[in-house]
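Novice: Once you've had a glance at the structure underneath, I'll fire off some questions.
The values are calculated or read from the model by the stated rules, or taken from the named source; none is laboratory data. The structure displayed is predicted, hence computed values, not measured ones. FYI the Cβ positions are ideal-geometry reconstructions off the backbone, even for glycines, and counts take in every protein chain you see. These area figures cover heavy atoms from the full protein model, side chains too; ligands, DNA and RNA do not enter into them. Shrake-Rupley method; radii C 1.70, N 1.55, O 1.52, S 1.80 Å.
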Amino acid sequence: TLQQFQQRLKVLYEISIDLAKITTLEAFYHAAVELGCSRLGFDRIGLFLNDEESNRMVGTFGTDPYGQTTDERSTHISLDKFAWAKTGVDWASEHHIYIEHDTELYFGSEHVGHGWRAVVALWSGGKVVGWLSVDNLLHQKPLLDYEMEILTLYGSTLGNLYVQKKSEAELLNSQEQLRLALKAARMRTWDWNLATDVIVRYGSGSWMPPYPTFQEFLQHVHNDDRERIWQAVQAAITGDGTYSAEYRFENPGTGWGWLHTIGQVYRDTTGKVIGM
């Protein structure tokens, strides 16, 4: 049994590496179910997310009565329907698994057999973000002690990866929304490092080429406006930190045009201005 446990731990580590490489949440959900069955050796697995606002389990992917992975994203189940919810299982304790022996097993609302069922918390940062529902419908093998430990570790692994990938997806979505907003408004955001004089711009538009430094940018500002811009910069650094300037800017491809730029300085821990 010790050798089996060690071998399964090795497989769990390999699965965690494979799951970490997945870039989309949908593919992550699907792989978590498939790999839990094919590599860890469990008959059926369903992966559910915790919707705290509605007190519901929200489905992702699961396993049908024939061992095939199926889409269950339309499934929304009230937590009040489950025995482990009614008995007040303390998921915050060191035991993140709930076992029912010789119980009825279902596929959706259809009764498909009897066996054991384990509900495992997806755990991350002291919070339950979802659950795995695991049973032995297909082969009716007993649940061994070390397998309960493997399931608990798998739930923790999935919980941490889920939170990480959800955050990454939300960041990508916000970046895409910002990109579209900037494009629609013909705007760019910018970040000027005073120590290196490098300006990093975000957004697109042929009307303003990405000149990499402030000094190079100034060379394309109209002679009559350069001093005013520099004074506005100095006023922001020594004053309230806000910068605003309207000026004429030369684009080599399209000629002169007007730009309006606003900014805010930022400081290091000592209060020294390091950028805008």
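Novice: For the chain, which whole-number percentage of the solvent-accessible area (1.4 Å probe, protein heavy atoms only) is attributable to carbon and sulfur atoms?
Specialist: Values: 8200 of 15710 Å².
Accessible surface attributable to carbon and sulfur in the chain totals 52 percent.
Novice: Could you tell me the extents of the chain's C-alpha atoms along the three principal axes, largest first, rounded to whole Å?
Specialist: Between the extreme Cα coordinates on each principal axis of the chain lie 85, 40, 37 Å.
Novice: Let me ask something else. Considering the dipole of the chain built from charges on the beta carbon (Lys and Arg +1, Asp and Glu -1) around the Cα centre, which of Leu171, Leu105, Met148 is farthest to its positive end?
Specialist: Of the listed residues, the answer is Leu171.
Novice: Here's another thing I want to ask about it. Sorting check: for 163-176, 139-152, 38-51, which peptide has the highest mean count of neighbouring beta carbons within 10 Å, and how do the rest follow?
Specialist: Values: 163-176: 12.5, 139-152: 15.2, 38-51: 19.5.
Top of the packing list down: 38-51, 139-152, 163-176.
Novice: Turning to a different aspect of this structure: Pop out the ³J(HN,Hα) list for the stretch 102-119 in order, Karplus 6.51 cos²θ - 1.76 cosθ + 1.60 with θ = phi - 60°, rounded to Hz; leave Gly and Pro as x.
Specialist: Each residue's phi maps through the Karplus curve to give 6, 10, 6, 10, 10, 10, x, 9, 8, 6, 10, x, 10, x, 8, 9, 10, 10 Hz.
Novice: Calculate the spin-label point distance for Glu170 paired with Gln6, positioning each point 7 Å from the Cα along the beta-carbon direction, and give it in nanometres.
Specialist: Distance between the two pseudo-spin positions: 4.2 nm.
Novice: Name the residue, out of Ala32, Ala232, Ala20, whose mean-square fluctuation peaks in a Gaussian network model built on the chain with Cα pairs under 10 Å.
Specialist: Residue with maximal mean-square fluctuation among Ala32, Ala232, Ala20: Ala232.
Novice: Quote the charge dipole size of the chain about the Cα centre in Debye, to the nearest 20; the model charges only the Cβ of Lys and Arg (+1) and of Asp and Glu (-1).
Specialist: Numbers: 24 positive and 35 negative charges, 141 e Å.
So the dipole magnitude of the chain works out to roughly 680 debye.
Novice: Any idea of the accessible area per residue across the chain, 1.4 Å probe, to the nearest Å²?
Specialist: Details: 15710 Å² over 276 residues.
With all protein chains present, the chain gives 57 Å² per residue.
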